[in-house]
Each structure stands twice: as C-alpha cells, then as structure tokens.
Amino acid sequence: MKKGLFACLVVWLQCIVFTVAAADTTDIRFEYKAERINDKEAMLSVVARLSLGIKIYAMQQSDADVLYSTILFDTMAARLYSGQVTEKGAKQSEQDTSVGAVVHFYTDSVIWQQKINLAANDSLLSRVQVNYLYQKAEAYLPGEETGKFYIKPVSVVSANADIADRSLLWIFLTAFGGGLLALLTPCVYSMIPVTVSFFTKRSKTKLEGRKNAVIYSLSIIFIFTFIGFLITLIWGPTALNDISTNWIFNLFIFLVFIVFGISFLGAFEITLPSSWSNKADSKANASSFLGIFFMALVLVVVSFSCTGPILGLLLPVIFKGGYAGPLVGFFGFSLALSIPFALFAFFPSWLNSLSKPGGWMNTIKVTLGFIELALALKFLSNADLARGWRLLDREIFIAAWIVIFILLGIYLLGKLKFHHDDELPKNDFGIPYLSVTRLLFAATSLIFAVYMVPGLWGAPLKGISAFVPPMGTQDFNADDLPSGFNFPSAGSSTGNTNSHFADGLPKPEKYYEDMRKNEPDVVVNNGMVTYFDYQEALAVSRKLKKPLMLDFTGINCVNCRKMEGQVWSDPKVMERLKNDFVIVSLYVDVHNVYIPQQEQYFSKTLDRQVETLGDLNADMQVTKFGANTQPYYFFLDGNEQRLVPDGYGYDPDINKFIRLLDEVKANYQKGTPQ
C-alpha cells in the first residue's frame, strides 16, 4: 500500500513539473454527444481522440489502479442516470516501471458513456467534467476538460417544425400576393397582350401556341426560383436570419425603400443597363425553346423597374425562411407573375376584355410609392431601436405615417399631381370626375390617417401595434396625466420611484433603465410589470410563490407585437398575467446592452463570446429550451422545472392561451406548498 502511495506521489510530482506542457490541446481532442435511444432513454457520450504517441489512462476499476482518469457527470441530473459510466475502446495494459504497477490505457480513442432516463417530452441541459491523466514521451501530464450536453424534447422539435411549415406557407402566400401586385404595374401588365399575341399568331396551331406559352411561363418561374437558389447558396440560411435583425441590414433596406419609393412617385426611373436588355432581346428572336426562354428573361429584365421595389419589399420576409425561404418566396412570386400568360394563351378571347394600360396604372404605381415610403420608416425604426439612437420615437413615427397617408388620400382624390400623371377622366358634361373605386381607396387612406391620430397621445393602436415603435419610446402619454386623485400608471414610460408597482411586484432593477423604452404598449398601458433579467425574475417568482413566464421576444419581432396586442390585451388574459405570474421579457436582438464582464462566456451554440443581453437570451433559448423563434413562451416553477412540457409559440387563439395559463397555474399549485 505504501509502495502504491509512493508511486502516485512520484507521478503527480512529475505532473506538476510538466504542467506547462499540458497546455498543448492538440494532444487530445474531446467531443460531446447527446442522442436519444428511444422515447424513454438517451445516451451522453464523451469521446477522446488521441494524437500519435499519446496514452490516456482508463477509469479506475480497483484500488490497485494508481494511474487513472475520472469522469464526473453533472450531479444535478443524478436521479436520471441509469447504471454506471461505461468505457469503450481498445484498452491495453502493461507493467509501468515508474510506478511499479500494472496500468490500463488507450492509444487511439476512448468513449465514456452514461445512459439516462429521459421522457420524450423532457429536455436536458447537463455538464460533464473530465479529469484525465495521459503520458507523452516520458512525461505524465494531467488535464481537465468541461463539456455540455443538450437534448431537446421531441415535442419541441415537432413544434418548431410545425412553425417552420407555417412560416414557409406564409412566405409563399406573401410572395404570391406580391406577384399579383406586380402584374398591375405598367412594366408587366402592358406586356401580357403583346406576348400572348406573339405566341398565338406565330404558332402554326392553337396547341403549339399554348405549349409555347406554358414554356414561357415555366421559364419565368425557373429564372426567379434560380435567383432564390443562388441567394441561398451564396449567403446560406443562418446568415440571412442573422442579418434580418441587424441594424446595418435594416438601414440598407430603409435606403432601398426610400429610393424605390421616390422612383415610383416619378422622380426618376430605375432600370437595368440597356445592354442587358438588348442582349436578351436579340436571343429572344430565335424560334426554339432557347428563344422562348430568353423572351422570359426579357420580361424579367425589362420589368425590373416595377418588380424591383416589390421584390425589395418581399426580401426581408423570405430571408427569414432558412434554406427554403428564398426558394419558396421567389417561386410564389414568379408563379403569380406567370399565370396570366398561360391563361390568356389558353383563352385568347379574354384579351378583348383586358383593360388598356393607362393613367390607372400610374395611379397604382404612385400609391405603391407612398406605401414604400411608409414601410421604409419601419426599417429605419428597427435600426433606431437596435442602436438606441432615439431618432424615430413612437410619436414621430406615427406623425410621419399620418402625413404620408393623408398625402396619399389627397392624391387619390386628384388634388395632388405629379409630372407624369394624367388628367382625371371626364364625364358626359366634360367635367373631371372620380371613379367610385378611387374614392373608396382615398377614403380608406384618410380614415387610416385619422385612426392613428390618438396614437400621438399614447393610444395603443392595436391594429398597427406590430409596426410602430414600442410605447416605452413615447415621450408624452396622456395616460400619465393626473386625473383627480389618480396617479400615473405603474410601469409607464415616465418611471416609477416606488419600491413596488401597483400589482405588488418589486420594481425591476437589472437592465431596467436600458430596456424600459422597449416595453410594448400592452405593458405600459395596463400597468404590467415585466423583468428583463432571468435570475432577477426567478428570485421574485420564488419569493412571491408565483409561476415564472419566460417571454422570448425581440425588439423587431412583428409577431411578438401581434401576440401582445391581440392576446395579452384581452381582459381575461391580462387579469391572469398580472395576478398569477411573474413575467420576464427576454429580448434576443438587443446588442447594445452589455452584461457584466464576470457573466460573459463563450457559447458553443452561437459560436461566439456572449457579451450582450441579446446573445445571452438567444443562447438560453436554444440551449435550455430547444427553440429559436419568437415569440415563444415557457413556464417554470421555483426549481426551474417546466410546468407544462411544451412551450407556446405564435398562436393568437385567446381561449387556447387562457387554457394554457390556467393549466400552468394548476400545475404550479399542485407542486408548491401554500
């Protein structure tokens, strides 16, 4: 026994001497894998791959082993472990003269595994520490490695897939609508009768004309879808999703929309180089399939000045669809664009009922110009919120939209003219008149402008709450004015110096001053309390014995604002949220608020150093909850255990959300002593 202790002492003294050499991490490379075996079990694996000439010692099997490695799986998950840690590999044994004992080691690779009991609807975030000993040449070197495992619940994976499917359908429908809108622009609309007539007159038979028109339509679809494929291939889905909330990207889209909007108003024409059009047009004279394909290319190139702004409007939407988004988006757009060419080729008599291009098309173009200017402000607002410039606060944004839609209404009434506008049509008496359709659109625009006016004084404007900046950026809110003996609403943008808000919750402290401007209208106008730090909210939840609701959200998340405006604001939902829950709003796109330096760390999931509040929340959502879309809600008890197996994504079904809240409260009361 004394001999063994002496041998160990000799080895560990050598370890101390050669500690510096142990810093060479190329000697051993570690991998951490977590995978499900079935709906009830999962396996955690630590794989050590050795460089040539390296020996790593096996786990201790008996007291006689004096050189060994130790694998310590997370004790927090000990109740889930099934059996002991197993060791796999080509184990070798030999007499080591330095320690005077038989040692066991590996020279190629070794796998340590721990089986766990984990139901299909459960998730696991666990860590492992490897304290290993290895030999390099004549040196005995110690090492320490820490790894992390995460296993998603099967139900969450399915939920995310469902959300992805719904998102792709939304992208397709939005892009298809954009294609229909592009058909009404002068560049495309005027080419329909010309192109269809070309096919019907130049073809020897009616069947041949239809076949050529179908080839033409399919060529349009192929060209646009190929563009989507190239976008995906060059930039990839992750990059597109990341830049969609980036302030530089939003600022760029703002400038693009401004340029296209001004162009639609008639200031100038945006066209591709004429050499491109001429080259494509020369190829289109051929009568073969290639000639028809180049005719489709002519349409794409020539119509760019009209389709470009609409595609620019769609790009932020289709960029959110991963690999499939650009493909689905451009396919939907081109499908809508190509349908009329095929239909009119099959039914040429319909061409006689097709309205002639004229001033009505220019009216559509100018109307789109005003709309593009309004939407441009949304992207400027996204960049403004991300950087905290406070250039476009809520009341300024609303005022700008009011002016834009009043001007649009005046234009549609014929009281505002641009240099390329035609005169209004004249009636039988020679007097200019408005069509009923144009009058209705003008009234709609003016009504929308009037609807927004109360928003200048803090009205919630639920109909557009997803687009306007949050209430926290508004400098003046009429709800904050004293009325009789009433005091300002708790949690309002003017602040609250009391230690507790109106609903009895302690005032948020951590990140509150930086984040309060992002509080949505429903929070400010209803006196809600939301925290911005997970640990702070968890402490309040434990103290008040209320379930914790995690609200993974974003500053620029349109669906988050829709969920808050349509569901949270419901009186029954609001009553439950204020009285029964502690809510923490975890913004994943805040990159100008930094967490304390001692809390910063490197995230393998994000593959970067976590320094900002947004990165911290994004990493938490993916690694701990297996989701990466917003909004997404999870409910925990004081022990950070889920109160319902699954999260809740974007689903504006009020009754469904109420049932979920009631279920969470009931589950919490079952497990928490009162």
* Structure fact -> Of the residues in the range 91-109, those that are under 47 Å from the mean Cα position of the chain (by Cα) and open to solvent by less than 70 Å² (accessible area, probe 1.4 Å) come to TYR106, THR107, SER109
* Given the residues ASP646, ASP662, ASP615, ASP651, which is the only one that is in contact with a strand residue (DSSP E or B) (Cβ under 9 Å, 6 or more places away or on another chain), within 25 Å of GLU575 (Cα to Cα), open to solvent by 10 Å² or more (accessible area, probe 1.4 Å) and acidic (Asp, Glu)? -> ASP646
* Has the range 380-388 got any residue that is under 29 Å from ASN518 (Cα atoms), modelled with pLDDT under 80 and surrounded by fewer than 18 Cβ atoms within 10 Å (Cβ to Cβ)? -> yes
* Would a scan of the range 414-423 turn up a residue that is modelled with pLDDT under 85 and either surrounded by 19 or more Cβ atoms within 10 Å (Cβ to Cβ) or in a strand (DSSP E or B) (or both)? -> no
* **Selection from the range 536-569 of residues that are free of Cβ contacts under 8 Å to residues at least 60 places away in the same chain and open to solvent by less than 10 Å² (accessible area, probe 1.4 Å)** => ALA537, TRP568
* Asked: Counting just the residues of the range 628-643 that are open to solvent by less than 50 Å² (accessible area, probe 1.4 Å) and in contact with a Phe, Trp or Tyr (Cβ under 7 Å, 6 or more places away or on another chain), which one comes out farthest from LYS148 (Cα to Cα)?
  -> PRO631
* Structure fact -> Taking the range 26-55 and keeping only residues that are of a type in the set (Gly, Ala, Ser) and within 25 Å of ARG79 (Cβ to Cβ), one is left with ALA34, ALA42, SER45
* Within the range 51-70, considering residues that are closer than 20 Å to GLU31 by Cα and free of Cβ contacts under 8 Å to residues at least 60 places away in the same chain, the one most open to solvent (accessible area, probe 1.4 Å) -> LEU52
* **Boolean, TYR668 is farther than 30 Å from GLN600 by Cα and in a helix (DSSP H, G or I)** => yes
* Structure fact -> Checked pairs for the range 321-349, first farther than 17 Å from PHE224 by Cα and modelled with pLDDT under 70, second aromatic (Phe, Trp, Tyr) and buried (at least 21 other Cβ atoms within 10 Å of the Cβ), C-beta under 9 Å and 6 or more apart or across chains, list as ALA345/PHE199; ALA345/TYR216
* Structure fact -> Given the conditions (1) under 19 Å from GLY472 (Cβ atoms); (2) not in a loop (DSSP other than H, G, I, E, B), every one holds for THR437 apart from (1)
* Please report, ordered by residue number, the strands (runs of 3 or more DSSP E) entirely within the range 566-661 with at least 2 residues that are at pLDDT 90 or above. => 582-587, 632-636
* Structure fact -> Filtering the range 30-50 down to residues that are in contact with a Lys or Arg (Cβ under 8 Å, 6 or more places away or on another chain) and in a loop (DSSP other than H, G, I, E, B) yields ILE37
* Any pair with Cβ under 6 angstrom, 6 or more apart, that starts in the range 127-139 at a residue that is farther than 15 Å from LEU50 by Cα and open to solvent by 20 Å² or more (accessible area, probe 1.4 Å) and ends at one that is among the polar types (S, T, N, Q) and part of a strand (DSSP E or B) -> GLN129/THR146; ASN131/THR70
* **Within the range 455-468, considering residues that are in a loop (DSSP other than H, G, I, E, B) and farther than 10 Å from ASP521 by Cβ, the one most open to solvent (accessible area, probe 1.4 Å)** => PHE467
* Identify the single condition in (1) free of Cβ contacts under 8 Å to residues at least 60 places away in the same chain; (2) under 18 Å from MET528 (Cβ atoms); (3) open to solvent by 40 Å² or more (accessible area, probe 1.4 Å); (4) not small (Gly, Ala, Ser) that LYS578 does not satisfy, given that it satisfies every other one. => (1)
* Asked: Restricting the search to the range 24-48, which residues are loosely packed, with under 14 Cβ neighbours inside 10 Å and at pLDDT 90 or above?
  -> none
* Residues (of a type in the set (Lys, Arg), at pLDDT 65 or above and surrounded by fewer than 17 Cβ atoms within 10 Å (Cβ to Cβ)) located in the range 145-185 -> LYS148
* To do: Kindly check whether there is at least one residue in the range 593-601 that is among the hydrophobic types (A, V, I, L, M, F, W, C) and within 23 Å of LYS462 (Cα to Cα).
  => no
* Looking at the range 445-460, which of its residues are modelled with pLDDT of 85 or more and in contact with a Gly (Cβ under 8 Å, 6 or more places away or on another chain)? -> SER445, LEU446, ALA449, TYR451
* Structure fact -> Given (1) open to solvent by 70 Å² or more (accessible area, probe 1.4 Å); (2) more than 28 Å from ALA137 (Cβ to Cβ); (3) over 33 Å from the mean Cα position of the chain (by Cα); (4) touching a residue at least 12 places away in the same chain (Cβ under 8 Å), SER82 misses just (1)
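The values are calculated or read from the model by the stated rules, or taken from the named source; none is laboratory data. Everything quoted here is computed from the prediction, not taken from an experiment. Every residue, glycine as well, gets a Cβ built from its backbone with ideal geometry; the counts of neighbours run over all protein chains shown. For accessibility, only protein heavy atoms count, side chains too; no ligands or nucleic acids. Shrake-Rupley method; radii C 1.70, N 1.55, O 1.52, S 1.80 Å.
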